[in-house]
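**Student:** Just dropping this structure here.
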Ligand code: AMP
Ligand code: TRP
């Protein structure tokens with residue numbers, strides 16, 4: 001039977017919880033893993049982007065702890081980093097009163113819908129996922145089953161809110177495509193129009209922050225060298241030390257973007273500088289043309305501290321009051337649940353878990 005298409009049947013009743021708040025362009029769902037070392041790449045590549053989307057969209061921001069345990073996480077550390085990521089998002093400007101900021105495991109509908117999607121998605125689809133191949137590596141037999149069905153859970157995160165837009169980085173585009181395929185197959189199999197096709201919101205170019213030690217590698221939470229990244233928890237002195245030690249080359253900065261060809265480290269630092277000062281790369285290059293790295297690094301440090309300092313201070317304040325973070329997350333979960341629970345009920349009626357009338 002596997003892979004066969006069931007006969008279409010009468011559509012389940014549609015409870016109208018499609019997003020249409022006045023003046024907004026749609027509903028956004030995005031997720032971030034609560035793994036430690038949240039860094040400048042996460043800020044410039046994801047969180048800052050989400051902050052900007054709040055004015056145009058109804059937003060749900062999910063800290064995906066169910067996804068995190070697809071690889072081993074120390075329990076106490078997971079609790080701590082979940083709060084840390086929440087604190088970073090609030091400190092960076094996510095407004096938890098206007099939106100929902102919540103923890104994935106606190107809204108049971110994610111896991112419940114993910115099971116249904118485990119039965120909708122085909123093995124062939126999952127076998128094509130490049131992230132699984134990368135993360136499982138050579139020792140595939142020893143990867144968790146959770147890591148394999150990770151994209152089905154991500155589809156549930158999005159579709160349990162009938163989200164219309166999903167901001168994702170390049171690396172997650174394939175998973176979003178899969179979510180669209182799952183939505184369509186579910187709708188086709190059951191003869192309903194229950195799930196919308198979520199659209200990617202791809203962020204602008206230049207938002208890929210590279211390692212401070214090696215301009216050809218992405219800045220990453222898991223890099224063993226702390227000098228490879230600027231953490232959102234770093235204070236001014238630590239930031240200054242890391243920028244000072246950042247890998248460079250012996251030449252002064254070029255006067256055109258073309259002059260960055262073959263100079264990955266210079267390109268990365270200028271990219272970071274451009275993003276932190278809200279300039280294009282062209283503008284930043286023009287501003288810093290001919291500078292020695294020593295001068296440019298001093299300027300970059302000043303800028304990074306000016307942007308990240310206040311965020312860092314607010315994060316620290318929040319982390320000193322974990323009960324307050326937990327209260328904010330509990331409110332977020334209640335809000336998220338009020339949207340997700342009716343959608344799950346609709347799914348349960350459609351599938352036949354609940355009587356349709
Ligand atoms: P991760 O750190 O892999 O959990 O990613 C969380 C979010 O930050 C995702 O939207 C990533 O695409 C984004 N992100 C992670 N690392 C970088 C980076 N070095 N540059 C830009 N964006 C990044
Ligand atoms: N898989 C995403 C990442 O690693 C995190 C994520 C989980 C997500 N669920 C999501 C992103 C839903 C967007 C929408 O970055």
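**Student:** Looking only at region 122-133, decide whether some residue is assigned to a loop (DSSP other than H, G, I, E, B) and over 28 Å from residue 191 (Cα atoms).
**Tutor:** There is no residue in region 122-133 that is assigned to a loop (DSSP other than H, G, I, E, B) and over 28 Å from residue 191 (Cα atoms).
**Student:** Just to check your reading of the model, which residue among 344, 329 is under 24 Å from residue 115 (Cα atoms), in the same structural domain as residue 42 (by TED's automatic domain parsing) and surrounded by 13 or more Cβ atoms within 10 Å (Cβ to Cβ)?
**Tutor:** Unique residue meeting the criteria: 344.
**Student:** Here's another thing I want to ask about it. Of everything in region 218-227 that's modelled with pLDDT of 95 or more and in contact with a helix residue (DSSP H, G or I) (Cβ under 9 Å, 6 or more places away or on another chain), which residue is farthest from ligand 2 (Cβ to nearest atom)?
**Tutor:** Result: 227.
**Student:** Can you pull out the residues in region 154-173 that are outside any helix (DSSP H, G or I) and either within 16 Å of ligand 1 (Cβ to nearest atom) or under 14 Å from residue 186 (Cα atoms) (or both)?
**Tutor:** Selection gives 160, 162, 163, 165, 166, 167, 168, 169.
**Student:** Same structure, new question: Determine which member of the set 91, 145, 98, 109 is over 26 Å from residue 45 (Cβ atoms) and more than 15 Å from ligand 2 (Cβ to nearest atom).
**Tutor:** Result: 145 is the single residue among 91, 145, 98, 109 that is over 26 Å from residue 45 (Cβ atoms) and more than 15 Å from ligand 2 (Cβ to nearest atom).
**Student:** Something else: Considering each of 213, 208 in turn, give the residue that is in contact with a helix residue (DSSP H, G or I) (Cβ under 9 Å, 6 or more places away or on another chain) and away from ligand 2 (no atom under 16 Å from the Cβ).
**Tutor:** 213
**Student:** Could you tell me whether residue 132 is free of Cβ contacts under 8 Å to residues at least 24 places away in the same chain and surrounded by 14 or more Cβ atoms within 10 Å (Cβ to Cβ)?
**Tutor:** yes
**Student:** Kindly indicate whether residue 333 is in a loop (DSSP other than H, G, I, E, B) and in contact (Cβ under 8 Å) with a residue 12 or more places away in the chain.
**Tutor:** Against the criterion (in a loop (DSSP other than H, G, I, E, B) and in contact (Cβ under 8 Å) with a residue 12 or more places away in the chain), residue 333 does not qualify.
**Student:** Any idea how many residues of region 191-217 are surrounded by fewer than 20 Cβ atoms within 10 Å (Cβ to Cβ), touching a residue at least 60 places away in the same chain (Cβ under 8 Å) and farther than 20 Å from residue 154 by Cβ?
**Tutor:** Matching residues across region 191-217 total 5.
**Student:** Here's a follow-up. Is it the case that region 141-156 has a residue that's surrounded by fewer than 21 Cβ atoms within 10 Å (Cβ to Cβ), over 23 Å from the mean Cα position of the chain (by Cα) and more than 26 Å from residue 104 (Cα to Cα)?
**Tutor:** Yes; the residues of region 141-156 include at least one that is surrounded by fewer than 21 Cβ atoms within 10 Å (Cβ to Cβ), over 23 Å from the mean Cα position of the chain (by Cα) and more than 26 Å from residue 104 (Cα to Cα).
**Student:** Would you mind stating whether residue 87 is modelled with pLDDT of 95 or more, part of a helix (DSSP H, G or I) and crowded, with 20+ Cβ neighbours inside 10 Å?
**Tutor:** For residue 87, the condition - modelled with pLDDT of 95 or more, part of a helix (DSSP H, G or I) and crowded, with 20+ Cβ neighbours inside 10 Å - is met.
**Student:** Tell me which of these residue 141 doesn't satisfy, since it passes every other one: (1) assigned to a helix (DSSP H, G or I); (2) within 16 Å of ligand 1 (Cβ to nearest atom); (3) more than 30 Å from residue 349 (Cβ to Cβ).
**Tutor:** Every condition holds for residue 141 apart from (2).
**Student:** Given the condition within 12 Å of ligand 1 (Cβ to nearest atom) and either modelled with pLDDT of 95 or more or farther than 16 Å from residue 126 by Cα (or both), answer yes or no: does some residue in region 175-197 qualify?
**Tutor:** yes
**Student:** Right, something else. Does residue 56 fit the bill of being modelled with pLDDT under 85, away from ligand 2 (no atom under 12 Å from the Cβ) and surrounded by fewer than 18 Cβ atoms within 10 Å (Cβ to Cβ)?
**Tutor:** no
**Student:** Among all residue pairs at least 6 apart or on different chains, which show Cβ distances below 6 Å where the first residue, located in region 145-173, is free of Cβ contacts under 8 Å to residues at least 40 places away in the same chain and in the same structural domain as residue 112 (by TED's automatic domain parsing) and the second is outside any helix (DSSP H, G or I) and more than 7 Å from ligand 2 (Cβ to nearest atom)?
**Tutor:** 151/129; 152/121
The values are calculated or read from the model by the stated rules, or taken from the named source; none is laboratory data. What you are looking at is a predicted structure, and each value in this text was computed from that prediction instead of being measured. Positions of Cβ are backbone-derived with ideal geometry, glycine not excepted, and every protein chain shown enters the neighbour counts.
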